[in-house]
Amino acid sequence: MKWLTKKKQHHESAPSFDELRVIALQEIATQLISKREAKGFDLYEMILQTKIPYRILQAIEAADLENLPEPIYTQGFIRIYADTLGLNGTELASSYPVGVNRVSLKPKWKGSSGQIRPVHLYLFYIGLIFCSVTGLSQLFGVTEMRSRNLERESIQVLNQELQPRSQVKSALVTTNNPQEQDVKVGLMLKDASWVRIEVDGKTQFEGVLPQGTQRTLTAQNSLTIRAGNAGSVLVSVNQKTAKPLGKPGQENVLTVAANNRS
């Protein structure tokens with residue numbers, strides 16, 4: 001008498017879509033980091049070149065999905081990052097899955113009393129081909145439209161990340177030293193921050209300054225500094241002790257005006 005032994009079947013569950021994204025992003029990050037380090041760039045320099053926020057660049061290199069936007073936007077950031085480093089951004093970004101739904105039509109035939117004639121099959125196949133072509137055209141049309149709008153939508157996301165919020169704390173400082181006719185302000189950044197500098201009413205600089213930036217600013221009448229991350233910006237007025245412009249993550253405006261009283 002023979003006994004048939006059944007081997008236990010180990011059903012390994014297929015990886016989830018997020019797991020596939022992490023695997024793909026890890027491979028992409030390896031290439032990006034290798035190329036960036038070969039060029040001698042750090043992430044703060046890449047902020048200035050790509051205009052991509054620090055947290056997104058860091059999340060891409062760490063394959064951290066929780067700190068990344070929707071996959072279609074992440075794919076756009078990868079393309080911009082790779083192009084800036086001299087890689088093929090389109091090819092590299094295409095390896096990151098964005099989750100396009102695929103629809104497959106599988107007609108199931110059941111036996112029936114009626115006989116299907118060749119004419120019926122011919123008409124059915126014509127209709128099936130027509131529906132398939134129409135569906136694919138719509139799918140590719142939507143994909144192409146999303147691809148064309150990707151960069152514009154990415155810029156909108158960047159603007160939300162980099163541009164300051166509406167509620168701003170402002171301060172006015174007047175120089176009281178009669179020997180100092182001009183306004184002189186020292187600027188130092190402990191961390192990267194969006195900064196706008198206005199000298200005598202004209203914008204001299206607007207953008208992201210990296211950690212470690214040091215500048216000496218002078219103006220005849222007034223000098224205004226607006227920072228999106230005020231806690232990381234240290235300001236020294238007329239060579240006095242440098243103080244933070246505000247709290248970390250807070251947006252503040254400081255205006256230093258010359259005392260022109262005779």
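All of the numbers you see were taken from the coordinates with simple rules; none came from a lab. Note that the structure is a prediction, hence the values are computed from the model and not measured. When we count neighbours, we look across all protein chains shown, and the Cβ atoms used for this are built from the backbone with ideal geometry, even at glycine.
Just flag the GluC sites (Glu not before Pro) in the stretch 9-99 sitting in loop per DSSP whose Cβ has no more than 16 other Cβ atoms within 10 Å.
Here the sparse-neighbourhood loop sites are Glu12.
Using a Förster distance of 41 Å, how high is the FRET efficiency between Asp182 and Phe41, based on the Cβ-Cβ distance and rounded to 0.05?
Here the calculated transfer efficiency is 0.70.
Work out the FRET efficiency for Glu19 and Thr255 from their Cβ-Cβ distance, taking R0 = 41 Å, and round it to the nearest 0.05.
After rounding, the FRET efficiency stands at 0.20.
Can you give the FRET efficiency for Gln239 and Glu91, using 1/(1 + (r/R0)^6), R0 = 51 Å, r = Cβ-Cβ distance, to the nearest 0.05?
Approximately 0.45, to the nearest 0.05.
In the structure shown, do any of Lys39/Lys240; Lys190/Lys240; Lys202/Lys243 have a Cα-Cα gap over 29 Å, and if so which?
Result: Lys39/Lys240 exceed 29 Å.
Multiplying the sequence separation of Lys247 and Lys202 by 0.36 nm and subtracting their Cα-Cα distance, what value in nm do you get?
13.6 nm
Calculate, in nm to one decimal, what Asn67 and Ile129 gain on full extension: separation in residues at 0.36 nm each, minus their alpha carbon distance.
Gain in length upon complete extension: 18.0 nm.
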